[in-house]
Amino acid sequence: MRLGCDLRGDGSLEISGVAGMEHATPGQITFLANPKYAHKVKSSRAGAIIVHRSVPALAIPSLASDNPYLDFARALEQFYQPPRPAAGIHPSAVISPSAVIGENPSIGPCVVIGDQVTIGRNAVIHPGVVIYEGARIGDDFVAHAHASVREFCRLGHRVTLQNGVVIGGDGFGFAKRADGTHYKIVQSGPTVIEDDVEIQTLTSIDRATVGETRVKRGAKVDSLVQIGHACVVGEDNIICAQTGLAGSSILERNVLLAGQVGVSGHLTIHDNVVVYAQSGIGGDLAAGSVVSGSPAFDASDWRRVITAFQKLPDMVKAMRQLEKRVAQLEAAATVQADAQPDS
């Protein structure tokens, strides 16, 4: 087996494609990553399924795996590979004579590559990409249409930029004059993207005022993310859509920021932290923390708080009734005390 899984059931079934459990047809294979959804297998029309080894035998043929989601992804690759443009340089591309481009490139229409740029082997650069002066890029670079790499930025091997990504745009830095107007601060520090990083559509990773902005090896950054100047995004981070990091935020290894997280800047989020969606981070987070809310705090406490929050109108009503009852009892006690004869 190409996937290295253990076959359970009929191995003669022909598989023609891959699909999710709800949409799979009898000729397709699906997957079950979480055992709590095992009941859905009965209603699925899939011809076969990839399951964890701990799942008992099912009525349909299955492939037992240590990591069903990963093997599902590998199975998908057997049926679909994104098209790779043919090697060569389109006549409309504008490439500086001082640029150095490695072997086997594919450079599309209207690409602009500036002075003193270096790009490694097997680059795939789609139409409209712009790479500014002095950028240095490693092997197996993929840049989709309208991505931009600004001056003197450095990208490692196997970096993928989806459509409209901007690497090394100016950080947001201005000094206020005495008259209230703003003086632009030169953003002199490059953005550095290490190996095996993928950055999704319309994300901006700013250059630094001084020093550098760095995204470390293996990080994956979703669409519509803003990473401010002088930030550090750690190894194997996952940063989901519409998240914003203010300047000088430091994320250590294996941090996960869900969608629409806001990070206030000049703080450190330590290893293995998980931040739930729409949270606001205003200070350092200890390694292994799981937090939610704005301002963010422990996620288990947040779940209790948010449950109570929905009951606040009834709680306020009950409290006012109790206050009214207490006031009545106090008034009655005062009247009774006044009615007592003096001793």
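The values are calculated or read from the model by the stated rules, or taken from the named source; none is laboratory data. None of the values given here were measured: they were computed from a predicted structure. Backbone-built Cβ (ideal geometry, glycine too); neighbour counts: all protein chains shown.
For the stretch 7-21, taking the residues that are in contact with a strand residue (DSSP E or B) (Cβ under 9 Å, 6 or more places away or on another chain) and more than 18 Å from A64 (Cβ to Cβ), the one that is surrounded by the most Cβ atoms within 10 Å (Cβ to Cβ) is identified as A19. Condition first: in contact (Cβ under 8 Å) with a residue 24 or more places away in the chain and over 25 Å from Q200 (Cα atoms). Can you find one or more residues in the stretch 263-279 that meet it? Among the residues of the stretch 263-279, not one is in contact (Cβ under 8 Å) with a residue 24 or more places away in the chain and over 25 Å from Q200 (Cα atoms), which makes the answer no. The requirement of being surrounded by fewer than 16 Cβ atoms within 10 Å (Cβ to Cβ), in the same structural domain as T160 (by TED's automatic domain parsing) and among the β-branched types (V, I, T) is fulfilled nowhere in the stretch 240-251; no residue meets it.
Among the conditions (1) assigned to a loop (DSSP other than H, G, I, E, B); (2) at pLDDT below 85, the only one that H39 does not satisfy is (1).
Being within 20 Å of R84 (Cα to Cα) and of a type in the set (S, T, N, Q) narrows it down to one residue among Q200, Q187; which is it? Exactly one residue qualifies, and that residue is Q200.
Would you check if A24 is surrounded by 13 or more Cβ atoms within 10 Å (Cβ to Cβ) and in a loop (DSSP other than H, G, I, E, B)? Spelling it out, A24 is indeed surrounded by 13 or more Cβ atoms within 10 Å (Cβ to Cβ) and in a loop (DSSP other than H, G, I, E, B).
Filtered by the rule that a residue be β-branched (V, I, T) and either assigned to a loop (DSSP other than H, G, I, E, B) or not assigned by TED's automatic domain parsing to the domain that holds L267 (or both), the stretch 193-234 gives V197, T201, T203, T209, V210, V225. Scanning the stretch 49-56 turns up at least one residue that is in a strand (DSSP E or B) and closer than 17 Å to E77 by Cα.
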